[in-house]
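Participant: Please read through the structure below; I'll follow up with questions.
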Amino acid sequence: MKRIAIIGGGISGLSAAFTLEKHRRAGASLEYVLFESSPRLGGVLVTEWVDGCLLEAGPDSFLTEKPWASELCREVGLGDQLIGSNDADRKTYILVKGRLVVIPDGLMFMVPTKITPTVLSPLFSSGTKLRMAREWFHPPRKADADESVASFVDRHYGAEMVERLADPLLSGVYGGEASELSVRAVLPRFAEMEATHGSLGRAMLAARKKMALTPKTPAKPLFTSLKDGMQQMVDGVAARLPASELHMNRAVQLIQRQDNSWVVSAGYASDEFDAVIVATPAQAAAELLGMASEGLASELRSIQYTSSVTVNLGYDRNVRTSLPPGFGFLVPRCEGKRMLAATFVHNKFPHRAPEDRALLRCFIGGARNEQVLLAPDEEVVNIIREDLRQIIKLTADPLFTRIHRWKGAMAQYGVGHLERLQRIESLLQHLPGLALAGNGYRGIGVPDCVRSGSDAANSALRALGLLEATPAGLAS
Ligand SMILES: Cc1cc2nc3c(=O)[nH]c(=O)nc-3n(C[C@H](O)[C@H](O)[C@H](O)COP(=O)(O)OP(=O)(O)OC[C@H]3O[C@@H](n4cnc5c(N)ncnc54)[C@H](O)[C@@H]3O)c2cc1C
């Protein structure tokens with residue numbers, strides 16, 4: 001009987017456990033134990049109900065086009081609980097010189113695919129619109145080295161596009177700065193488009209033409225979530241796992257290689273395993289693996305993380321009717337505000353707030369404002385309320401507020417991230433049975449984390465001869 005340890009009970013660790021469980025039930029000779037340091041499973045996936053409203057403390061949904069999270073939900077019997085975003089009301093605003101300006105129709109991240117809405121939009125100056133036209137003639141370029149998203153976007157569309165769009169969009173997803181994030185790791189499709197077509201506009205048009213030739217399928221909503229929130233996914237997966245193998249309040253302190261096995265130390269107890277899946281943030285993985293491989297620990301330590309604070313605020317019917325339509329807004333750094341973004345939750349998904357309630361979810365923190373994590377609740381709420389007053393003239397007292405702090409939760413894929421992953425892969429080749437999963441490697445979103453967990457489980461199974469052999473290593 002082979003024994004596998006999973007460290008971390010966030011969605012990555014749970015996905016790894018679920019994959020192992022499927023093999024165990026199919027007859028593989030294995031047992032596994034999941035160690036989670038906190039009293040609950042799910043990591044940053046936390047849903048709460050307050051005053052009839054569904055509050056998400058961490059992620060509220062995932063991208064529909066990445067299938068792995070929806071697939072996991074279906075496998076655990078939650079297929080009929082999946083819901084799509086209200087895309088008929090989808091509109092996102094950017095704060096420009098103190099005014100909310102809607103992102104024009106047809107803009108794919110920063111690439112305009114429809115001429116009229118872009119030309120008419122006050123989001124861009126005439127200089128940037130001219131750059132968009134010139135971008136059409138951008139020659140193909142096979143970059144020999146990675147670069148930052150900011151420098152890539154600047155080359156194509158100029159600094160205003162970085163400031164008004166790329167930076168706030170990435171702040172929303174990574175809590176990071178476009179000038180620090182790797183274009184190859186964060187926007188691989190755009191880097192490929194440049195290599196093949198030169199112009200991103202022309203590449204996008206070619207992709208659309210190709211799509212038009214394939215049989216039409218009904219348009220899918222951009223975001224998917226669950227009727228009762230993201231916690232439902234955690235509970236659904238956990239319900240399929242043997243409770244006796246899920247150990248909460250068990251922080252692992254050390255993972256060591258001893259002869260042909262792995263020794264996992266948690267509290268005063270140590271236990272031997274044939275394989276270990278480390279599904280914690282990379283920084284925590286570095287702490288655990290220092291004794292097993294200082295080289296690996298040092299690579300993991302160099303993957304930076306930022307912190308994030310979410311503030312949910314509930315309001316009455318009057319506020320609901322006074323808010324602009326759409327999903328919410330993003331705040332570029334140059335606007336001098338402290339909040340990064342706000343979601344109008346009652347518009348984004350059905351049934352998240354009763355008809356007579358408005359629910360706003362605001363973000364603060366990130367690379368711009370790491371110290372807000374230490375501010376008392378009252379100060380955080382005051383900052384958010386002052387920004388809301390200035391941006392959307394919202395002065396009403398909230399009916400309730402809830403603050404959630406996520407220290408070091410958002411991985412930053414800095415320039416050179418993919419090369420770092422290659423070095424990590426090579427180091428793992430010398431550590432048989434060790435696999436890594438989580439948001440520090442090949443995708444920060446929930447679907448990527450689900451995939452990283454199942455890939456890590458398959459990698460551990462292969463190393464133990466329980467799956468046909470292909471190269472083991474980092475979950476891709
Ligand atoms: C505020 C916020 C909003 C987000 N919004 C979205 C969104 O809308 N859509 C989307 O797709 N993604 C979103 N993300 C990103 C996504 O939610 C995360 O990247 C993903 O959930 C991370 O899952 P994980 O299991 O890898 O890590 P985590 O959720 O961080 O779980 C890691 C677990 O490991 C445990 N652990 C750590 N050290 C040890 C140890 N030594 N021993 C035992 N256990 C340990 C921790 O307690 C934790 O439970 C968001 C993230 C945040 C923070």
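Since every read-out is calculated from the coordinates, none of them should be taken as a lab result. Because the structure is a prediction, the values reported are computed rather than measured. Every residue, glycine among them, receives a Cβ derived from its backbone with ideal geometry; neighbour counts consider all protein chains shown.
Participant: Let me know the volume per residue of the alpha-carbon convex hull for the range 2-64, in Å³.
Facilitator: Given the Cα convex hull of the range 2-64, per-residue volume reads 117 Å³.
Participant: How many angstrom separate the Cα center of the range 297-371 from the Cα center of the range 117-148?
Facilitator: Cα centres, the range 297-371 to the range 117-148: 28 Å.
Participant: Based only on the alpha carbon positions, what is the Kirkwood hydrodynamic radius of the range 199-355, in angstrom?
Facilitator: Numbers: mean 1/r = 0.0460 Å⁻¹.
So the Kirkwood estimate lands at 21.7 Å.
Participant: Once you charge only the Cβ atoms, +1 for Lys and Arg and -1 for Asp and Glu, what is the size of the charge dipole of the range 236-360 about its Cα centre, to the nearest 20 debye?
Facilitator: 880
Participant: What value does the range 336-400 have for Rg/Rh, both radii from Cα atoms and Rh as Kirkwood defines it?
Facilitator: With Rh from the inverse mean 1/r over Cα pairs, Rg/Rh is 0.99.
Participant: Let me ask another. Take Asp316 and Ser151, extend 7 Å from each Cα along the Cα→Cβ direction, and tell me the distance between the two endpoints in nm.
Facilitator: 5.5
Participant: Shifting gears a bit: Once the piece of chain linking Glu65 and Ala269 is laid out straight, how much longer is it, given 0.36 nm per residue of separation minus the C-alpha distance between them?
Facilitator: Between Glu65 and Ala269, full extension yields an extra 69.1 nm.
Participant: Still on this structure, please answer the following. Once you wrap a convex hull around the alpha carbon atoms of the range 372-418, what is its projected area averaged over all directions, in nm²?
Facilitator: The orientation-averaged projected area of the Cα hull of the range 372-418 comes to 5.1 nm².
Participant: How many nm is it between the label spots at Glu386 and Asn260, if each spot is 7 Å from the Cα in line with the beta carbon?
Facilitator: In this crude spin-label approximation the distance works out to 6.4 nm.
Participant: I need the Kirkwood Rh of the range 123-250: take the reciprocal of the average 1/r across all distinct C-alpha pairs and report it in angstrom. Could you put the intermediate results ahead of the total?
Facilitator: On the way: mean 1/r = 0.0555 Å⁻¹.
It is 18.0 Å.
Participant: Can you list the lysines whose alpha carbon is less than 22 Å from that of Lys210, not counting same-chain residues fewer than 8 positions off?
Facilitator: Lys66, Lys114, Lys220
Participant: Something else: Can you tell me the 0 to 90 degree angle between the C-alpha axis of helix 377-392 and the longest principal axis of the chain, rounded to 10?
Facilitator: Result, in degrees: 30.
Participant: So how do 320-326, 446-452, 219-225 stack up, highest first, on mean other-Cβ count within 10 Å?
Facilitator: On the way: 320-326: 14.1, 446-452: 26.6, 219-225: 17.9.
The densest-packed peptide leads the list: 446-452, 219-225, 320-326.
Participant: Additional query: Compute for the range 185-264: radius of gyration divided by Kirkwood radius, i.e. Rg/Rh, restricted to C-alpha atoms, rounded to two decimals.
Facilitator: Expressed as Rg/Rh, it is 1.24.
Participant: How big is the shadow of the Cα convex hull of the range 59-165, averaged over all directions, in nm²?
Facilitator: 9.9
Participant: Given N residues in the chain, what is Rg(Cα) / (2.2 N^0.38 Å)? Mind showing how you got there, number by number?
Facilitator: Working: Rg = 23.0 Å, N = 476, 2.2 N^0.38 = 22.9 Å.
The chain yields a ratio of 1.00.
Participant: Can you give the Rg to Rh ratio of the range 141-193, both from alpha-carbon atoms, with Rh computed by the Kirkwood formula? Don't skip to the answer; put the middle values down first.
Facilitator: Working: Rg = 10.2 Å, Rh = 10.9 Å.
Dividing the radius of gyration by the Kirkwood radius yields 0.94.
Participant: What full-extension length gain, to one decimal in nm, is calculated for Glu192 and His247 as 0.36 nm per residue of separation minus the Cα-Cα distance?
Facilitator: 15.5 nm
Participant: So, how do all the Cα-to-Cα distances of the range 328-445 break down into 10 Å bins, in percent, from 0 on up?
Facilitator: So the P(r) values, bin by bin, are 10, 32, 28, 16, 11, 3.
Participant: Can I ask one more? Over the Cα atoms of the range 1-118, compute the convex hull volume and normalise it per residue, giving Å³.
Facilitator: It comes to 202 Å³ per residue, whole-number rounded.
Participant: Here's something else I'd like to know. Could you tell me what % of all Cα pairs in the range 296-375 have separations over 13 Å?
Facilitator: Counting pairs separated by more than 13 Å, the tail of P(r) holds 72 percent.
Participant: Further question: Just to be sure I understand the model, the point goes 7 Å from the Cα along the line to the Cβ. What's the resulting Ala159 to Ala28 distance in nm?
Facilitator: 5.3
Participant: Taking the range 287-343 on its own, what percent of its Cα-Cα pair distances exceed 15 Å?
Facilitator: Everything past 15 Å amounts to 70 percent.
Participant: Using the Cα centre of the chain as the reference point, and only Cβ charges (+1 on K/R, -1 on D/E), how large is the resulting charge dipole? Debye, rounded to the nearest 20.
Facilitator: 1560
Participant: With the Cα gyration tensor of the range 255-321 in hand, convert its eigenvalues to equivalent ellipsoid semi-axes via √(5λ) and list them largest first in whole Å. The partial results should precede the final answer.
Facilitator: On the way: eigenvalues 339, 51, 16 Å².
Values for the range 255-321, descending: 41, 16, 9 Å.
Participant: Still on this structure, please answer the following. Can you give the FRET efficiency for Met108 and Glu75, using 1/(1 + (r/R0)^6), R0 = 35 Å, r = Cβ-Cβ distance, to the nearest 0.05? The partial results should precede the final answer.
Facilitator: On the way: r = 31 Å, r/R0 = 0.88.
Efficiency, rounded to the nearest 0.05: 0.70.
Participant: Can you give the extra length, in nm with one decimal, that the chain gains between Phe400 and Lys142 once fully stretched, where that is 0.36 nm per residue apart less the Cα-Cα distance?
Facilitator: Value of the extension gain: 87.7 nm.
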